[in-house]
Amino acid sequence: MFNILRGTLPYDIKIVISGNHELTFDQEFMADLIKQDFYYFPSASKLKPENYENVQSLLTNCIYLQDSEVTVRGFKIYGAPWQPWYYGWGFNLPRGQALLDKWNQIPDNTDILVTHCPPLGFLDWVPKKMQRVGCMELLNTVQRRVQPKFHVFGHIHEGYGMMTDGTTTFINASACTVNFMPMNAPIIFDLPNPRTST
């Protein structure tokens, strides 16, 4: 993480999104957290708003996406940090309309979708809970409307790997194992020629 914050990874273009562990990037979460008497996240809850209100400025030499898009070498890339409620961390939303409202912002012509959470049924199995924890609303958005070439996500460490539905290649690029050990190798994939040359 330190290299990402300093922008020193040796790549021309780096695209970054937040997830449930990037608490200070979720401004609403932090506003609620610092009002609580009991602190589930003691180190974060002691912060003052001026300590985190401009946290995105710490990301140097990269492109940060939060419910936004960028075109890189002709590929339209959209990024979003949200997931169905999961253990009271950042960027949680209730299943249903709240998540659908976020996914409805994804443009139809997205080539690469980067979300923190997986869609339901794709690399989202949590063996310890014996259940899938992906997002149904995201699945419907990806398969019925957007149909990106690639959908890259993480969140569920046990789901690391790749699979396809014949239209979209789903990539769970979790760097950490279920025990939070950063041992999963980066997943590298080739991109076909983009639709446009902008």
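Nothing in this text is a laboratory measurement; each read-out follows from the coordinates by a stated rule. Being a predicted model, the structure only gives us computed values, none of them experimental. Quick reminder, even Gly has a Cβ in these numbers, built from the backbone with ideal geometry, and neighbours come from all protein chains shown.
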Distance in nm between pseudo-label sites at N51 and M136 (7 Å out along the Cβ direction from Cα): 4.0 nm
Take the Cα of Y87, step 7 Å along the line toward its Cβ, and report every residue of the range 108-126 whose backbone nitrogen sits under 20 Å from that point. 115-126
When only DSSP loop residues count, what trypsin sites (Lys or Arg not before Pro) in the range 24-117 have their Cβ near at most 16 other Cβ atoms within 10 Å? K35, K46, R73, R95
Fewest-first ranking of H21, H151, H116, H157, using other Cβ atoms within 10 Å as the exposure measure: H21, H157, H116, H151
If I model a spin label as a point 7 Å beyond the Cα along the Cα-Cβ vector, how far apart are those points for Q147 and M162 in nm? 2.1 nm
Efficiency of FRET between F41 and A98 - r from beta-carbon atoms, R0 22 angstrom, step 0.05: 0.50
Once the piece of chain linking I188 and V72 is laid out straight, how much longer is it, given 0.36 nm per residue of separation minus the C-alpha distance between them? 40.1 nm
Note the direction-averaged projected area, equal to a quarter of the hull surface, for the Cα convex hull of the chain, in nm². 11.9 nm²
Report, as a whole number in µm² per second, the diffusion coefficient that Stokes-Einstein gives for the range 80-123 at 37 °C and 0.692 mPa s using the Kirkwood radius over alpha carbon pairs. 289 µm²/s
How large is the Kirkwood hydrodynamic radius of the range 47-134, counting all unique pairs of alpha carbons, in Å? 15.1 Å
Antiparallel content of DSSP bridges confined to the range 2-172, in %, to 5: 40 percent
Using 7 Å Cα-to-Cβ label points, what is the L9/T169 separation (nm, one decimal)? 1.8 nm
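Restricting to Cα pairs below 8 Å that are 6+ residues apart, what does the relative contact order work out to for the range 2-172? Please round to a whole percent.
Computed value for the range 2-172: 19 percent relative contact order.
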Within a Gaussian network of the chain (alpha carbon springs, distance under 10 Å), most fluctuating of P81, P119, P49: P49
